[in-house]
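Can you read through this structure? Questions will come right after.
The values are calculated or read from the model by the stated rules, or taken from the named source; none is laboratory data. Given the structure is predicted, the values throughout are model-derived calculations rather than measurements. Reconstructed Cβ throughout: ideal geometry from the backbone, glycine too, with neighbour counts over all protein chains shown. Heavy atoms of the whole protein, side chains included, go into the accessibility calculation; ligands, DNA and RNA do not. Shrake-Rupley method; radii C 1.70, N 1.55, O 1.52, S 1.80 Å.
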Amino acid sequence: MRPPGVYRAESDSQMLIDIMRRGRFAAGRDVLDIGTGSGALAVAAARSGAASVTAVDLSLRSVVATWLNSRLHGAPVTVHRGDLFTPVAGRRFGLVVANPPYVPA
């Protein structure tokens, strides 16, 4: 699910997901997804055996989209609204993923 104003997961997101799964990088780790957008990486990390997944985005639309997508896919993801690492200050993660938009909207 991707509401208007939330960046669409493209082939580069799928490439990151494939690498994360093949390398088993998320398995057993606490994962942080920065600038989660629709939550594609966060959901994939949860479904790849992450110990926990936390997703952060500044956009309220993205936070709502990630929360809904994680529930629709049965993926336990904790979602926070905030700027970069502020919502998770003091926490440590075994894997940090990000795929920020890099093309004009």
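Based on the alpha-carbon gyration tensor of the chain and its eigenvalue square roots a ≥ b ≥ c, which shape applies: rounded if a/c is under 1.5, prolate if not and a/b is larger than b/c, or oblate?
Numbers: a/c = 1.44, a/b = 1.18, b/c = 1.22.
The shape class here is rounded.
Taking the Cβ of D57 as the center, what net charge do the other residues with Cβ under 15 Å away carry, scoring Lys and Arg +1 and Asp and Glu -1?
Details: positive: R2, R8, R61, R81; negative: D33, D83.
That sum, taken over residues with Cβ under 15 Å, equals +2.
Rounded to a whole number, what % of the accessible area of the chain do carbon and sulfur atoms account for, probe 1.4 Å?
Details: 3490 of 6090 Å².
Percent of accessible area from carbon and sulfur atoms in the chain: 57.
While we're looking at this one, here's another question. Ignoring ligands, DNA and RNA, how do L58, L72, L95 rank by accessible area with a 1.4 Å probe, largest first?
Details: L58 105, L72 130, L95 35 Å².
If we order L58, L72, L95 from most to least accessible, we get L72, L58, L95.
Follow-up question, since we're still on this one. What accessible area per residue comes out for the chain, rounded to a whole number of Å², with a 1.4 Å probe?
On the way: 6090 Å² over 105 residues.
Ligands and nucleic acids excluded, the figure is 58 Å² per residue.
Treating only the Cβ of Lys, Arg, Asp and Glu as charged (+1, +1, -1, -1), what charge dipole size does the chain show about its Cα centre? Round to the nearest 20 debye. Don't skip to the end; give the middle numbers.
Values: 12 positive and 7 negative charges, 55 e Å.
Dipole of the chain, to the nearest 20 debye: 260 debye.
Something else about it: For every other residue with a beta carbon closer than 15 angstrom to the beta carbon of A27, add +1 if it is Lys or Arg and -1 if Asp or Glu, then tell me the sum. Don't jump to the answer; show the numbers that get you there.
Numbers: positive: R21, R22, R24, R29, R47; negative: D18, D30.
Summing Lys/Arg as +1 and Asp/Glu as -1 gives +3.
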